[in-house]
1. Hey, which of the helices (runs of 4 or more DSSP H) in the stretch 34-111, taking only ones fully inside, have at least 2 residues that are under 12 Å from the mean Cα position of the chain (by Cα) and under 14 Å from residue 122 (Cα atoms)?
2. Which count do you get for residues in the stretch 41-67 that are out of contact with any helix residue (DSSP H, G or I) (no Cβ under 6 Å at 6 or more places or on another chain), in contact (Cβ under 8 Å) with a residue 40 or more places away in the chain and under 30 Å from residue 19 (Cα atoms)?
3. Scan the stretch 119-133 for residues that are surrounded by fewer than 22 Cβ atoms within 10 Å (Cβ to Cβ), of a type outside the set (A, V, I, L, M) and either farther than 23 Å from residue 47 by Cβ or in contact (Cβ under 8 Å) with a residue 40 or more places away in the chain (or both) and report the count.
4. Counting only residues that are touching a Phe, Trp or Tyr at 6+ places or on another chain (Cβ under 8 Å) and more than 12 Å from residue 26 (Cα to Cα), how many does the stretch 141-156 have?
5. Evaluate the following for residue 78: is it in contact with an Asp or Glu (Cβ under 9 Å, 6 or more places away or on another chain) and either of a type outside the set (A, V, I, L, M) or surrounded by 22 or more Cβ atoms within 10 Å (Cβ to Cβ) (or both)?
6. Taking the stretch 19-33 as the region of interest, how many residues are in a loop (DSSP other than H, G, I, E, B) and in contact with a strand residue (DSSP E or B) (Cβ under 8 Å, 6 or more places away or on another chain)?
7. Can you name the condition, by its number, that residue 105 falls short on among (1) surrounded by fewer than 16 Cβ atoms within 10 Å (Cβ to Cβ); (2) at pLDDT 95 or above; (3) under 22 Å from residue 20 (Cβ atoms)?
8. Kindly check whether there is at least one residue in the stretch 87-97 that is within 11 Å of residue 29 (Cβ to Cβ) and of a type in the set (Lys, Arg).
Amino acid sequence: MPKLTHYRKRGEVAMVDVTEKSVTERTAVARGFVRMSPVVLRALRAQKLPKGNPLEIARIAGIAAVKRTAEWIPLCHPLPLTHIDVTARLCKNGVEIASRVTATARTGVEMEALVGVSAAALTVYDMCKALDKGMEITDIVLVEKIGGKSGHYLRRKK
C-alpha cells in the first residue's frame, strides 16, 4: 500500500528527498472550471468589463503562479520549468481552465499544473465578481501525469 511521502518515521513533516531520483522529463495537465451566471457570460462574450479581458489576465496569472509554486505550497521543490501553457475558454456555463506544465527534473510538476489552474480560476473570479459574487470554482483536478518513478497517470472520464 502506498504511503504518504512528506512525513518522517516519527510523524514530523518533511520535504521529500529527491537526491537519488533520476532527472527526467515530467509533464502534468490539470483543469478546473468557473461556473457563472448568464449575465457574466454575456459580459465576457461582449468583452465589456472595466478591468480588461479576464480570460487573458487569468492566463497570465496562471503562468506566473506556476513559476512560484514552491512559494505557495511549503514542501514543494522549486523546479526548472521548461514549458507552461495555461488556457481559459468560454463554455456554456462558465470558463474552463487548463494548464500543462513540463520540467526536466527529479520530481513531478503536478502541483505546478494545479496551482496554475487555481490561480487562473481565482483571477477570473476576481475580474468578474462585481457582476456576480455567486460564481463557483469547481472541479480542479489532475488530468494527466507523464514521467517519473510512478509512471503515467490518466484520470478516468466520468
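The values are calculated or read from the model by the stated rules, or taken from the named source; none is laboratory data. These numbers were taken from a predicted model, which means no experiment stands behind them. Glycine also receives a Cβ, built like all others from the backbone with ideal geometry; neighbour counts cover every protein chain displayed.
1. Details: elements: 38-46, 54-66, 69-72.
Correct list: 54-66.
2. Count: 2.
3. 2
4. The total comes to 1.
5. Working: in contact with an Asp or Glu (Cβ under 9 Å, 6 or more places away or on another chain): yes; either of a type outside the set (A, V, I, L, M) or surrounded by 22 or more Cβ atoms within 10 Å (Cβ to Cβ) (or both): yes.
Judged against the criteria, residue 78 is a match.
6. Residues of the stretch 19-33 in a loop (DSSP other than H, G, I, E, B): 19-23.
If we keep only those that are in contact with a strand residue (DSSP E or B) (Cβ under 8 Å, 6 or more places away or on another chain) as well, we get 23.
Final tally of qualifying residues: 1.
7. (1)
8. No, the stretch 87-97 has no match at all.
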